[in-house]
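Enquirer: Okay, here's the structure, questions in a sec.
The values are calculated or read from the model by the stated rules, or taken from the named source; none is laboratory data. All of these numbers come straight from a predicted model, not from anything done at the bench. Here the Cβ positions follow ideal geometry from the backbone for every residue, glycine too, while neighbour counts run over all protein chains shown.
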Amino acid sequence: MGLSLSRALRLTPIPRVAFVGAGGKTTALFALARQLEPVIVCASTHLSLAQIKLADQHLILEKIEDCDQFDGLPLHGVNLVTGAIRGERTAGLSGDILTWLHAYCDQHGLPMLIEADGSRQRPLKAPASYEPVIPEFVDHVIVMVGLSGIGKPLTSEWVHRPEQFASLSELSHGELIVPDAVIRVLMHPEGGIRNIPIGALRIVMLNQADTPVLQALAGRMARSLLSTYDSVLSTSAALKKIYAAYEPTAGLILAAGEAKRFGEPKQLLVWRDKPLVWHAANSALEAGLSPVVVVSGAYTPQIQEALANLPVKVIHNPTWREGQSSSVKAGLDAIGNRAGAAVFLLSDQPQIPAILIRSLVQHHTQTMSPIIAPIIDGQRGNPVLFDRSLFPDLMSLEGDIGGRHLFSRQSIQWLPWHDDRLLLDVDKPNDYQQLLKMSF
């Protein structure tokens, strides 16, 4: 079974979601509604009459007194609430009615989805000065983009409000629309992130990614967009498939131990002219992990010096003697709340390549599995990726145990990897000598 839209969005138990942008907004809204029913669907803008047919029940609220019709009303499936029908479309709901609906949904434990702007069925758009109209109570804002607009001329045939789009994208009217131009619009304060409430999750949905070329393009665009957005989804035109859910993925390197049995700091042993911990941190950076946090303990000053030329965060764990769990918790505290997952690496395995880390992350974008780890010649290996849904479990660990303590009670996605050199960890002096003799 593929990744569901509700799972990919990491929705709260009773979400308040606004949809803005262009390129499949209505389809996405009702696809999500079907996964959350019973649900209230409404709009702060006009809707076409065709959208009424997508709901199981339609209620018209023109003034606050009309809300009385909800008294004792059985709600099932998708319940569409709009303003009055005027010609070929419905009016948007007023602010006071949206506030009333929000309170009603809170009282009855109902999800609430809101279409917050229009796009005239174009794949791309830029907002006008008066839109989008997003209520402050919204906790997720999904900014839609239709990838079918890329490579097309910047005209009204492909772009809703082409003048505003041209201004924000730095393109001229009629010029071909390139991915970087779309990224500029999405990241501009007057573009994709306009009027998003403080604290709401920002999500871009790169829709219509129905070819391998467009899916690869979505992945490249996501790398830029994640500096501004919490996640980026790559989806099919009819929302039948979520190809990938891109999120920031942190790297957490455990390097706090004293290495008493070894006789000297393993983290600082030299391999290929650099300390072992440097190689682990550099591989994490090459793989695109961000932030990369190194948890030190017994040898903090030396590790800080060893990593001085790398853009990583070295934190001292004052309770490192209490065991590995204390370093796990210190590292998770340091990565912040944006990471959708964390890859745990060991400082005594410098030979872990960036391509393996990238493969773990790529599998996570496609599945959002709770745990992803390599399996090598039938043996489980390192590093291990943990989804953020397991962070509370990791924070509850005690003593000298790490994330592997969760393996017995979680579903694990194993990634086959064919390189038995990666099973070596420098635990004894003989292991270090073996590492020095290995060719990579």
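Enquirer: Could you tell me whether Ile193 is touching a Ser or Thr at 6+ places or on another chain (Cβ under 9 Å), touching a residue at least 40 places away in the same chain (Cβ under 8 Å) and within 22 Å of Leu5 (Cβ to Cβ)?
Expert: It is true that Ile193 is touching a Ser or Thr at 6+ places or on another chain (Cβ under 9 Å), touching a residue at least 40 places away in the same chain (Cβ under 8 Å) and within 22 Å of Leu5 (Cβ to Cβ).
Enquirer: Restricting to segment 151-164, name every residue that is within 19 Å of Gly192 (Cβ to Cβ) and touching a helix residue (DSSP H, G or I) at 6+ places or on another chain (Cβ under 6 Å).
Expert: Listed by number, the residues that qualify are Leu154, Trp158, Val159.
Enquirer: Mind listing whichever residues of segment 415-430 are at pLDDT 90 or above and surrounded by 15 or more Cβ atoms within 10 Å (Cβ to Cβ)?
Expert: If the condition is that a residue be at pLDDT 90 or above and surrounded by 15 or more Cβ atoms within 10 Å (Cβ to Cβ), then Leu415, Trp417 are the ones that fit.
Enquirer: Would segment 230-240 turn up any residue that is of a type in the set (Asp, Glu), buried (at least 18 other Cβ atoms within 10 Å of the Cβ), at pLDDT 95 or above and farther than 22 Å from Val312 by Cβ?
Expert: yes
Enquirer: When only residues in segment 252-287 that are of a type in the set (Phe, Trp, Tyr) and surrounded by fewer than 18 Cβ atoms within 10 Å (Cβ to Cβ) count, which is nearest to Leu307 (Cα to Cα)?
Expert: Trp271
Enquirer: In addition: Before we move on, is Val204 part of a strand (DSSP E or B), assigned by TED's automatic domain parsing to the domain that holds Gly21 and either of a type in the set (Asp, Glu) or buried (at least 18 other Cβ atoms within 10 Å of the Cβ) (or both)?
Expert: yes
Here is a yes/no grid of residues against (1) in the same structural domain as Ala91 (by TED's automatic domain parsing); (2) among the polar types (S, T, N, Q); (3) outside any loop (DSSP other than H, G, I, E, B); (4) within 28 Å of the chain's Cα centre (by Cα):
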{"residue": "Ser119", "(1), (2), (3), (4)": "yes, yes, no, yes"}
{"residue": "Arg122", "(1), (2), (3), (4)": "yes, no, no, yes"}
{"residue": "Ser129", "(1), (2), (3), (4)": "yes, yes, no, no"}
{"residue": "Ile134", "(1), (2), (3), (4)": "yes, no, no, yes"}
{"residue": "Met144", "(1), (2), (3), (4)": "yes, no, yes, yes"}
{"residue": "Ser148", "(1), (2), (3), (4)": "yes, yes, yes, yes"}
{"residue": "Glu157", "(1), (2), (3), (4)": "yes, no, no, no"}
{"residue": "Leu171", "(1), (2), (3), (4)": "yes, no, no, no"}
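Enquirer: Still on this structure, I have one more. Hey, can you tell me all the residues within segment 211-245 that are out of contact with any Phe, Trp or Tyr (no Cβ under 9 Å at 6 or more places or on another chain) and assigned to a strand (DSSP E or B)?
Expert: Ile242, Tyr243, Ala244, Ala245
Enquirer: Within the set of pairs 6+ apart or on separate chains, which have a first residue in segment 273-297 that is closer than 17 Å to Leu422 by Cα, a second that is among the basic types (Lys, Arg), and C-beta atoms under 8 Å apart?
Expert: Listed by first residue and then by second, the contacts come to Leu276/Lys266; His279/Arg272; Asn282/Lys274; Ala287/Arg358.
Enquirer: For Gly72, indicate whether it is under 21 Å from Ala33 (Cβ atoms) and either assigned by TED's automatic domain parsing to the domain that holds Val133 or not acidic (Asp, Glu) (or both).
Expert: Here the answer is no, as Gly72 does not meet what is asked.
Enquirer: Ok, one more. For Leu80, indicate whether it is over 21 Å from Leu201 (Cα atoms), under 30 Å from the mean Cα position of the chain (by Cα), hydrophobic (A, V, I, L, M, F, W, C) and outside any loop (DSSP other than H, G, I, E, B).
Expert: Judged against the criteria, Leu80 is a match.
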